[in-house]
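The values are calculated or read from the model by the stated rules, or taken from the named source; none is laboratory data. Just so we're clear, the structure is a prediction, and the values are computed from it rather than from any experiment. Because the Cβ atoms are built from the backbone with ideal geometry, glycine has one as well, and the counts that use them run over all protein chains shown. For the accessible areas, the whole protein counts, side chains as well, though only heavy atoms, and no ligand, DNA or RNA atoms are used. Shrake-Rupley method; radii C 1.70, N 1.55, O 1.52, S 1.80 Å.
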Amino acid sequence: MPSKAYLSAIINKKNTLTFDDFNFESSLLEGLYSMGYKTPTPIQQQAIPVITDNKDLIACAQTGTGKTAAYLLPIINHILHAPTRHLNTLIIAPTRELVVQIDQQIDGMGYFCSVGSMSIYGGSDGMTWEKQKHALKEGVDIVVATPGRLISLLQAGDINFEHLQHLVLDEADRMLDMGFFDDIKAIISYLPKKRQTILFSATMPPKMRLLAKEISNDPEQINIAISKPAAGIVQQAYLVFDNQKEALIKSILKNDDYQSVIIFSSTKENVKLLEKTLRSVDGSIKAFHSDLEQPEREEIMRDFKAKKLRILIGTDILSRGIDVDGISLVVNYDAPGDPEDYIHRIGRTARASKAGVAITFINQYDQQKFGRIEALMGYDVTKMPLPEGLGVGPVYDPHAVVKKPSKFGSKPKGRFNQKDRKR
Ligand code: AMP
C-alpha cells in the first residue's frame, strides 16, 4: 500500500515531496530546517515513507546522498510519537568517525525535541563507560556504535536491547570489508526478532545480499544510482613515475587556491612518510591513521574542519563518511584500486554543490586500475602535462598489463590488516 506521504504527494499533484509531506512532528521539522535542509534528497524521498511505514529496508546509497537523515528523520519521528524509557534504536557504523558524525546529526535534528542518543566506540576510558551505563539506565533512545566495541559490551551483559524497535546498519559493505561479518551476526543474535531492520550500503556485493536476506524480513529495496562523481568536481590526472611524485605534489601545493587539502595514500606507512616529507613545504599538515589514539584523531579532525590545518594525509579510512565542507583539493597520491574508492575519495571535495578539484597520480603500474575507473564513470579524466623540470612521465595505456616487481612475493589478501581494524 502506498504510504501516506506518497498519497499526499499524488493528491497535491506534486512531482517531488517536501519535508512537510512526511507529517513529521513540528519540533523535528524545526530541527531539520535549522540545519539548512530545505527539500528532501532522492534517497530521503524514497526511504522516509518506507521507514515510516515500519517496513524493512535495504538501500543502496553512498555517503553524500543524505542517507543518514533518510533513516534518522523517520526514526526520531517514531520516537517522538511514542516516547518510552527504553532503548529504541541501534545504529551500527564501521568507524568511530562515522559514529560521531551520526550522533552529531541526531543532536542537530533533535535539537528542539527530547531525543537522547549515545555513541559507543573503542578508545573511551572506563570512567566514560561507567557514565554511559548510568545514562543508558536513565533512558537513551538511540545508541550509535562500532561493531567491535558493541560486541564486547554485549558479551559483558552491559546493554539490554529487549525493547529495541529499529536496527540500522550504516555503510554495511564497509563493515563487511573490515571483517565485521561475524560480529554483526553475533550482535543481531542479542536483538529481538520482531524489529525493523534498515540496511544502507554503497555497494551490494553477494556477501552483502546474503547478510541482508538473513537479517531482514521481506525488505523493500531502494537503489540510488551511484558511481558518478558530483558534477562540480574538476578531475585531473598526472602520469608519473614514483620518483616524480614528491616534486609534483610539492609543486601542486604551491597553489594558494588550495586552502583545504586531503591527500590519500595507499598505506599507513606511506602516509607517515609523506607527512614528514611535506612538513618542510607547509607546517599546517597532519597525518590521519589508525595508529593514532582517539583524542588525537578527534583533535586533528576538529582542526581540519575549523581550517586550522591546511592539509590532511590519510588512507582510505578518510574516504568515507567524513563530512567536511569546503575541501578545495583531493589528491590521490596513489591511484586507488577500486573504482568505488575513487568515487568516495574524490567525493570529499565539491560537497554541497561547491566546486572542487580532484587530482590523481598514475604510475605505470596503476594505469589498468585507472582505466577501470574511467570505464565505470563513462568518460576519460583530463591528463595534465607534468610541470617543467620534472622530466617525462609514463605514456598512458590503460590496456597494457604492467606487473609491479615484488620483493616480498604475493601480497596479503584483504584491504585491512588487523591493526586497522581497531576496536
Ligand atoms: P550523508 O549522505 O548522510 O553523509 O549526508 C551528506 C551531507 O548532506 C551532510 O552534510 C548532511 O547534513 C547533508 N544533507 C542531508 N540531507 C540534506 C538535505 N535534505 N538538504 C541539504 N543537506 C542535506
Listed by range, strands (runs of 3 or more DSSP E) wholly within the stretch 125-231 having at least 3 residues that are open to solvent by 70 Å² or more (accessible area, probe 1.4 Å) and in contact with a Leu (Cβ under 7 Å, 6 or more places away or on another chain) are none
Pairs returned, first residue in the stretch 389-400 that is touching a residue at least 12 places away in the same chain (Cβ under 8 Å), second residue that is assigned to a loop (DSSP other than H, G, I, E, B) and not aliphatic (A, V, I, L, M), beta-carbon separation under 8 angstrom, 6 or more apart or interchain, are 393/241; 394/241; 394/363; 394/364
Cβ pairs under 7 Å, 6+ apart, first in the stretch 32-43 and assigned by TED's automatic domain parsing to the domain that holds residue 108, second open to solvent by 70 Å² or more (accessible area, probe 1.4 Å) and more than 6 Å from the ligand (Cβ to nearest atom):
34/111; 39/16
Can you tell me which residues in the stretch 36-59 are of a type in the set (S, T, N, Q), open to solvent by 50 Å² or more (accessible area, probe 1.4 Å) and either assigned to a helix (DSSP H, G or I) or away from the ligand (no atom under 15 Å from the Cβ) (or both)?
46, 52, 54
Determine if the stretch 90-105 includes at least one residue that is over 26 Å from residue 345 (Cα atoms), buried (at least 23 other Cβ atoms within 10 Å of the Cβ) and more than 16 Å from the ligand (Cβ to nearest atom).
yes
Residue 307 meets each of (1) part of a loop (DSSP other than H, G, I, E, B); (2) at pLDDT below 75; (3) open to solvent by 10 Å² or more (accessible area, probe 1.4 Å) with one exception, condition (2)
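Look through 228, 207 and report the one residue that is free of Cβ contacts under 8 Å to residues at least 40 places away in the same chain, farther than 30 Å from residue 277 by Cβ and out of contact with any strand residue (DSSP E or B) (no Cβ under 8 Å at 6 or more places or on another chain).
207
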